[in-house]
1. Tell me, which strands (runs of 3 or more DSSP E) lie completely within segment 1-118 with 1 or more residues that are of a type in the set (D, E) and touching a helix residue (DSSP H, G or I) at 6+ places or on another chain (Cβ under 8 Å)?
2. Name the residues in segment 28-41 that are more than 25 Å from R152 (Cβ to Cβ) and of a type in the set (A, V, I, L, M), would you?
3. From I135, I112, grab the single residue that is of a type in the set (A, V, I, L, M, F, W, C) and at pLDDT 95 or above.
4. Could you say whether any residue in segment 25-34 is at pLDDT below 95, surrounded by 14 or more Cβ atoms within 10 Å (Cβ to Cβ) and polar (S, T, N, Q)?
5. Kindly list, by first and then second residue, each pair from a residue in segment 21-50 that is over 15 Å from P150 (Cβ atoms) and in contact (Cβ under 8 Å) with a residue 24 or more places away in the chain to a residue that is part of a helix (DSSP H, G or I) and among the charged types (D, E, K, R), limited to pairs with Cβ atoms under 9 Å and residues at least 6 apart or on different chains.
Amino acid sequence: MEFTDVYFSLGSNLGDRKENILNALTMMDKAFCSRGKALSSIIETPSYGFSAPSFLNCAALYRIQKTGEAPSLGALRVLDICKWIEWKLGREEHPLYGDSGERIYHSRPIDIDILFYGNHRIACTRPGYPSQCLIIPHEGILERPFVMVPLREIAKDPLKRAFPEYFR
């Protein structure tokens, strides 16, 4: 059996933030048929890109069984699971964009982002939904301490070798 190491960022700023993260991790364990292999500390950070209550953030590493599909399809499958977990935990997905195309952020009970999917660089759209793009490594993570601090705490050497620009 072959596996892919997948790194995630989790964050919450609504409701019982820690409980939201723990519930998301429990649901991820079940969905991926495996307990997470590494979990960072949970840190508190100010909201990013908008004014709102502070977030709790962490990073998690899961070893997910490969299914023989292309990495982009595997990553889209993982994204679907993350979106389902977010929805089950009360997130309402209504992405908003400003006049110049920038994303307008808002509070949420849970946010799960795929940071890295193995050692693959992925840029793809969902079949049938050309406006839904998945980019891995996740865009902008170097400018986001709430992602990089927890990620650096759990990053394994193969990830650091594959993506040295993120771990200088």
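1. Values: elements: 3-12, 43-45, 55-65, 111-117.
Result: 3-12, 111-117.
2. Filtering segment 28-41 for residues more than 25 Å from R152 (Cβ to Cβ) gives 30-31, 33.
Correct list: A31 only.
3. Values: I135 fails: at pLDDT 95 or above.
When all the criteria are applied, what remains is I112.
4. Yes, some residue in segment 25-34 is at pLDDT below 95, surrounded by 14 or more Cβ atoms within 10 Å (Cβ to Cβ) and polar (S, T, N, Q).
5. Filtered contacts from segment 21-50: N23/K88; M27/K88.
Condition check ((1) under 17 Å from I21 (Cα atoms); (2) among the charged types (D, E, K, R); (3) modelled with pLDDT of 95 or more) across all residues:
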site: R63; (1), (2), (3): no, yes, yes
site: K66; (1), (2), (3): no, yes, no
site: G74; (1), (2), (3): no, no, no
site: Y97; (1), (2), (3): no, no, no
site: I104; (1), (2), (3): no, no, no
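Conditions (1) in contact (Cβ under 8 Å) with a residue 24 or more places away in the chain; (2) surrounded by 14 or more Cβ atoms within 10 Å (Cβ to Cβ); (3) among the β-branched types (V, I, T); (4) under 16 Å from G11 (Cβ atoms), marked per residue:
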{"position": "P109", "(1), (2), (3), (4)": "yes, yes, no, yes"}
{"position": "D113", "(1), (2), (3), (4)": "yes, yes, no, yes"}
{"position": "C124", "(1), (2), (3), (4)": "yes, yes, no, no"}
{"position": "C133", "(1), (2), (3), (4)": "no, no, no, no"}
{"position": "K156", "(1), (2), (3), (4)": "yes, no, no, no"}
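The values are calculated or read from the model by the stated rules, or taken from the named source; none is laboratory data. Model, not experiment: these values are computed from the prediction. In this analysis, Cβ positions are derived from the backbone assuming ideal geometry, glycine residues included, and neighbour counts consider all displayed protein chains.
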